[in-house]
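Worksheet for the structure shown next.
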Amino acid sequence: MSFLTAQRLTMLVFFLQPIAFGSWLVRIPEVQTALGLGPAGLAVALLGLPCGTLLTLPFAGPLVGRIGARAAILVGFVLYSMAMVLPAFASDATLLFVALMLIGSSMSFVELGLNVQADAVEKATGSMIMTTSHGFWSVGIMAGSLIGSALAALGLEARWAIALVSALVLPLSIVVALALPVYAESRESGESKRSAWALPSWALLGICFFVFGITMTEGAMADWSAIFLRDALGAEAGTMGLGYSVFALMVAAGRFGGDTLKRRFGAVITARICGVLALTGAAILFVTPNTALALIGFGVIGLGVSVGFPLAVTAAAGLTDRAASANVAILSFVALLGFLVGPPVIGFVAEHADIRLGVACVVPALLVSLMLTGRLATKKPAKTNHNPEADIAGVL
């Protein structure tokens, strides 16, 4: 068997995609200071990324279904890598909003393509790789945040650091994407019972509302973890990025174990265990008196939200009312609403109260997600000649 199997190629492209974005996340406080933005002003500017994604996703689903997942990954990667260099060059809040909007728009294509590709590989090979693939995505964004922190410590300006990371990652990403196999499942077929433009089913809406609280929390950690450490605990530049690095590390750890937990306990029980962990981590952040305990809180939250989105993608793609690309696009649309709602809510609360109370705003959303974990129950897949545990062992 070739080393570069379909499973490994899919995991590798998941790993490469967020590296440049991770290098941007740790430079947000620097850009905020350079532009003279307060918490509320930064919150509005950060809306650009989810706005761009939300405006694009309704069209991305049908388009990915038409051109296929691999083509979407290739085109999306090129556009996304070019857009990634723009935010650090912004001279005011409006240009920062526009730059992030372009990132969100291009990111929607590449990430939708990634999820549809992973689902197609699962169906074609009988391997369970969705959660593990998202684990590699988490490792990628963690690697990007660590690279960004290292370049910041070396004194390299954000604009040049992010451009350098993007330029180094893009060629390798193209090579890997070109090697991805094309499956019939990754294309929208005429057998789809409903149009990709039809309203979502009740089953899909339940999955979407579950994932909303998960992605709201992920967005909060991405946009506000560094600022939380700085404003609430007085962390310095060299340690501000560690909060998100720890969070991403534990998200990755949870996702690498997610397929095993899912096989043993099922999707619903796995999601409930993780939901309780997420709420526990949020409580730790609210009361923490120091950076060390805060890092533990970020880690516990990371474990808690780790498997939510991958489980939701599998559940949505498993619905048989229409093509997987259409259902995953709607799921992604609602998931990005979490990123749309979370950061500005936290910013406005922080502006009028403090950052601790702002971060605590994720708790009600996480409670809703915990109550909706039952929506992740899906029919067992048809038996195949593959041994999923043997396949996973072969992949890893």
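See the values below:
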quantity	calculated
Apportionment of accessible area to carbon and sulfur, region 1-55, percent (1.4 Å)	73
Dipole moment magnitude, nearest 20 debye, region 1-149 about Cα centre, only Lys, Arg, Asp, Glu C-beta charged	280
Apportionment of accessible area to carbon and sulfur, region 101-151, percent (1.4 Å)	78
Selection from PRO289, PRO364, GLY275 lying farthest towards where the dipole of the chain points positive, charges on Cβ	GLY275
Burial order of peptide ranges 290-299, 77-86 (average beta-carbon count within 10 Å, highest first)	77-86, 290-299
Accessible surface, the chain, averaged per residue in Å² (probe 1.4 Å)	40
LEU293 versus MET371: modelled label distance in nm, points set 7 Å from Cα along the beta carbon direction	3.0
For region 322-336, Karplus couplings with θ = phi - 60° (6.51, -1.76, 1.60), whole Hz, Gly/Pro x	6, 4, 4, 4, 5, 5, 5, 5, 5, 4, 5, 4, 5, 4, 5
Total charge dipole magnitude, the chain, about the Cα centre, Cβ charges on Lys, Arg, Asp, Glu only, Debye to nearest 20	1060
Accessible carbon and sulfur surface of region 199-251 relative to its total accessible area, %, 1.4 Å	72
Derived scalar couplings ³J(HN,Hα) [region 126-141; Karplus, 6.51 cos²θ - 1.76 cosθ + 1.60; whole Hz; x for Gly, Pro]	x, 8, 8, 10, 4, 5, 5, 4, 5, x, 5, 4, 5, 4, x, 6
Sorted peptide list for 300-312, 13-25, criterion being average Cβ within 10 angstrom, highest first	300-312, 13-25
Relative contact order (percent, whole number), the chain, Cα cutoff 8 Å, 6+ residue spacing	26
Long-range amide H partners of GLN17 with built H, under 5 Å	none
Cα centroid separation, region 209-270 to region 79-116 (Å)	22
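The values are calculated or read from the model by the stated rules, or taken from the named source; none is laboratory data. Everything numeric in this text was worked out from a predicted model, so none of it was measured. Glycine also receives a Cβ, built like all others from the backbone with ideal geometry; neighbour counts cover every protein chain displayed. These area figures cover heavy atoms from the full protein model, side chains too; ligands, DNA and RNA do not enter into them. Shrake-Rupley method; radii C 1.70, N 1.55, O 1.52, S 1.80 Å.
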